[in-house]
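The values are calculated or read from the model by the stated rules, or taken from the named source; none is laboratory data. Keep in mind the model is a prediction, meaning the values are calculated, not measured. Neighbour counts are summed over all protein chains in view; Cβ atoms, including those assigned to glycine, are modelled from backbone coordinates with ideal geometry. What goes into the accessible areas is simple: the full protein's heavy atoms, side chains included, and nothing from ligands, DNA or RNA. Shrake-Rupley method; radii C 1.70, N 1.55, O 1.52, S 1.80 Å.
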Amino acid sequence: MFGSWPSEPTIYRRAMIGNEIMNFETVIGLETHAQLQTESKMFCTCSTKFGNDPNSNICPVCTGQPGSLPVINEKAIRLAVKTALALNCRINSESVFARKNYFYPDLPKDYQISQFEMPLAEHGYLEIEVGGQIKKIGITRVHLEEDAGKLVHKGSAGIKGADYSLVDLNRTGTPLMEIVSEPDIRTPEEARVFMEELAHILRYLEVCDAKLEEGSMRCDANISIRLAGAKELGVKTELKNMNSFKAVQKALEKEETRQKEVVSEGGKIFQQTLLYDEATSSVHPMRSKEGSHDYRYFPDPDLLPLYVDEKMIEEVKGLTGELPIEKFKRFVSQYGIPGQDINVLIESRYTADFFEETAKLSSEPKLSANWLIGDIPAYLNANNTELKETKLTPVLLAEMIGLVKTGALSGNSAKKVLAEMIKTGRSAKELVESMGASQISDESALIEIAEKVVAANPQSVEAFKSGKEAAIKHLIGQAMKETKGRANPRLIETLIKKAIG
Ligand SMILES: [Zn+2]
């Protein structure tokens with residue numbers, strides 16, 4: 001909406017195409033809306049809580065009653081400033097809220113308060129990594145606005161065919177931050193990576209939970225193509241309704257292919273809005289696109305200009321903490337763990353802190369990382385939960401790692417102990433005792449088992465004697481079965497070999 005896109009269709013002549021294969025360049029820009037994690041709405045004190053009874057979190061301000069006046073939510077300003085700083089933007093000391101005028105039943109004021117000519121922040125960038133290369137994507141602007149309400153259609157899934165529709169204004173006035181990228185993105189894959197990285201940063205900053213699937217983050221994409229080497233931008237279309245990171249890439253791939261086909265056949269691209277249908281993986285026209293002049297933006301006379309001073313910027317800077325990319329670099333040099341493992345560890349700030357605390361307590365960064373990228377996520381996925389929702393703590397995990405290291409607990413038993421520990425929050429020591437999971441390292445207890453296994457498996461014994469080293473594994477396996485996995489594996493191997501003679 002804010003870039004320098006031409007609004008007239010670009011005409012490609014068939015004569016120019018001839019029989020040659022055309023090389024196109026794709027140009028993509030993204031507009032992201034992120035719902036800010038504030039307790040109250042953008043311009044009133046109503047709760048932003050989700051899932052309450054329809055029209056229970058409303059007041060005269062957010063329902064647009066005559067005489068009501070908006071008051072800016074300071075927390076929302078701070079969260080947007082935090083984001084803008086992380087995206088290397090320049091914060092404008094003065095910015096202005098404007099009215100974007102349009103009618104829709106979920107918008108009782110008939111205008112949305114947004115920022116247009118003077119946004120909160122501008123001229124930033126975000127670095128993404130695609131195919132091993134770092135690429136800088138420009139950030140045009142970061143601004144604040146309010147969300148509209150929600151229509152509930154009765155009698156059908158969508159508005160088409162509905163008997164009637166209801167309006168729920170609970171969401172009306174929820175603080176939104178819009179982040180607009182420059183048209184620097186060149187492939188649908190880059191667009192997906194950009195969105196993933198942006199979501200990662202927003203979660204780290206605790207600004208937004210950034211879930212495309214749940215709508216707390218939404219993305220519209222502008223896409224156009226031009227002949228490789230051309231300076232002018234082609235006519236763009238806008239894609240909406242992409243509810244996952246994968247969908248962002250898929251929708252753009254579809255539209256990129258469609259535009260290339262149209263132009264290759266001598267057709268024109270028209271400016272329009274397209275909806276992505278995830279079920280059929282296709283794009284459909286929604287409406288011809290309005291220009292920004294259609295909205296008759298003007299400064300909201302009820303709101304003073306917004307001033308952000310150096311003091312606030314410094315305060316917010318102090319609260320920002322380490323960003324994912326900085327953490328990544330530090331972990332590489334500090335712990336010597338492979339990059340792909342670090343990516344799992346830094347997925348959330350909670351997991352990253354959990355890892356560092358466990359590594360410190362156990363003095364075993366690599367073992368700590370192994371549990372946190374292997375068995376723990378496997379358990380969490382299987383039980384559809386998150387690490388911070390469980391009773392596991394760095395103290396408990398470090399203690400368990402210690403028991404495995406000293407041989408008091410076998411690797412196999414540790415997995416069982418871990419599952420119990422996550423569920424109950426009991427210590428590994430306690431669990432080992434109550435579950436009888438401790439490793440058997442007592443020679444006298446294992447000799448009997450070794451002899452029994454050797455007597456019961458003459459074939460394997462013969463094979464081993466005739467030089468098949470691997471046959472010993474079967475015998476060890478049998479001994480493990482007998483002891484429910486608790487035999488010290490090195491000791492039992494020695495004892496079996498002794499029993500074979
Ligand atoms: Zn309200």
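Is there a residue being at pLDDT below 95, part of a helix (DSSP H, G or I) and open to solvent by 40 Å² or more (accessible area, probe 1.4 Å) anywhere in the stretch 15-38? Yes: one or more hits.
Suppose we filter 422, 472 for residues that are open to solvent by less than 30 Å² (accessible area, probe 1.4 Å), under 30 Å from residue 359 (Cβ atoms) and assigned to a helix (DSSP H, G or I); which single one remains? Selected residue: 422, the only one of 422, 472 that is open to solvent by less than 30 Å² (accessible area, probe 1.4 Å), under 30 Å from residue 359 (Cβ atoms) and assigned to a helix (DSSP H, G or I). Residues in the stretch 210-220 that are open to solvent by 10 Å² or more (accessible area, probe 1.4 Å) and touching a Leu at 6+ places or on another chain (Cβ under 8 Å): 218, 220. Counting only strands (runs of 3 or more DSSP E) that fall entirely inside the stretch 154-256 and contain at least 1 residues that are within 16 Å of the ligand (Cβ to nearest atom) and β-branched (Val, Ile, Thr), the qualifying elements are 164-168.
Within the stretch 87-99, the residues that satisfy the criterion of being crowded, with 20+ Cβ neighbours inside 10 Å and part of a strand (DSSP E or B) are 91, 95, 97, 98, 99. Of all residues assigned to the stretch 40-61, at least one qualifies as being under 21 Å from the mean Cα position of the chain (by Cα), part of a loop (DSSP other than H, G, I, E, B) and within 28 Å of residue 251 (Cβ to Cβ). Quick one: which residue in 63, 26 is away from the ligand (no atom under 14 Å from the Cβ), more than 19 Å from residue 205 (Cα to Cα), in contact (Cβ under 8 Å) with a residue 12 or more places away in the chain and not charged (D, E, K, R)? Going through 63, 26 in turn, just one is away from the ligand (no atom under 14 Å from the Cβ), more than 19 Å from residue 205 (Cα to Cα), in contact (Cβ under 8 Å) with a residue 12 or more places away in the chain and not charged (D, E, K, R): 26.
Table: residues versus (1) touching a residue at least 24 places away in the same chain (Cβ under 8 Å); (2) more than 15 Å from residue 30 (Cα to Cα); (3) open to solvent by less than 60 Å² (accessible area, probe 1.4 Å).
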position	(1), (2), (3)
146	yes, yes, yes
150	yes, yes, no
179	yes, no, yes
193	yes, no, yes
199	yes, no, yes
206	yes, yes, no
222	yes, no, yes
231	no, yes, no
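Of the residues screened, residue 278 is not one that is within 14 Å of residue 28 (Cα to Cα) and not β-branched (Val, Ile, Thr). Among the listed residues 93, 56, 68, which satisfies the condition of being over 19 Å from residue 299 (Cα atoms) and either assigned by TED's automatic domain parsing to the domain that holds residue 183 or modelled with pLDDT of 95 or more (or both)? Answer to the check: 56.
A residue that is in contact (Cβ under 8 Å) with a residue 60 or more places away in the chain, touching an Asp or Glu at 6+ places or on another chain (Cβ under 7 Å) and either in the same structural domain as residue 74 (by TED's automatic domain parsing) or open to solvent by 40 Å² or more (accessible area, probe 1.4 Å) (or both) occurs nowhere in the stretch 337-355.
Listed here are the helices (runs of 4 or more DSSP H) enclosed by the stretch 356-412 that have at least 2 residues being farther than 21 Å from residue 432 by Cα: 365-373, 375-382. Just one of the listed residues (496, 401, 449) is in contact (Cβ under 8 Å) with a residue 24 or more places away in the chain, buried (at least 17 other Cβ atoms within 10 Å of the Cβ) and closer than 30 Å to residue 377 by Cβ, namely 401. Assess whether residue 54 counts as being surrounded by 12 or more Cβ atoms within 10 Å (Cβ to Cβ), within 12 Å of the ligand (Cβ to nearest atom) and within 23 Å of residue 168 (Cα to Cα). Taking the combined requirement at face value, the residue does not satisfy it. Taking the criterion of being closer than 30 Å to residue 327 by Cα, touching a Gly at 6+ places or on another chain (Cβ under 8 Å) and either surrounded by fewer than 20 Cβ atoms within 10 Å (Cβ to Cβ) or of a type in the set (Phe, Trp, Tyr) (or both), would at least one residue in the stretch 71-84 satisfy it? Among the residues of the stretch 71-84, not one is closer than 30 Å to residue 327 by Cα, touching a Gly at 6+ places or on another chain (Cβ under 8 Å) and either surrounded by fewer than 20 Cβ atoms within 10 Å (Cβ to Cβ) or of a type in the set (Phe, Trp, Tyr) (or both), which makes the answer no. Got at least one residue in the stretch 369-388 being modelled with pLDDT under 85 and among the hydroxyl-bearing types (Ser, Thr, Tyr)? Among the residues of the stretch 369-388, not one is modelled with pLDDT under 85 and among the hydroxyl-bearing types (Ser, Thr, Tyr), which makes the answer no. State yes or no: is residue 416 open to solvent by 20 Å² or more (accessible area, probe 1.4 Å), in contact (Cβ under 8 Å) with a residue 40 or more places away in the chain and out of contact with any helix residue (DSSP H, G or I) (no Cβ under 6 Å at 6 or more places or on another chain)? No; evaluated as a whole, the condition is false for this residue.
So residue 258 fits all but one of (1) closer than 18 Å to residue 25 by Cβ; (2) open to solvent by 30 Å² or more (accessible area, probe 1.4 Å); (3) in contact with a helix residue (DSSP H, G or I) (Cβ under 8 Å, 6 or more places away or on another chain); what number is the exception? Every condition holds for residue 258 apart from (3).
Of all the listed residues (160, 246), the sole one being surrounded by fewer than 15 Cβ atoms within 10 Å (Cβ to Cβ), free of Cβ contacts under 8 Å to residues at least 60 places away in the same chain and within 28 Å of the chain's Cα centre (by Cα) is 246.
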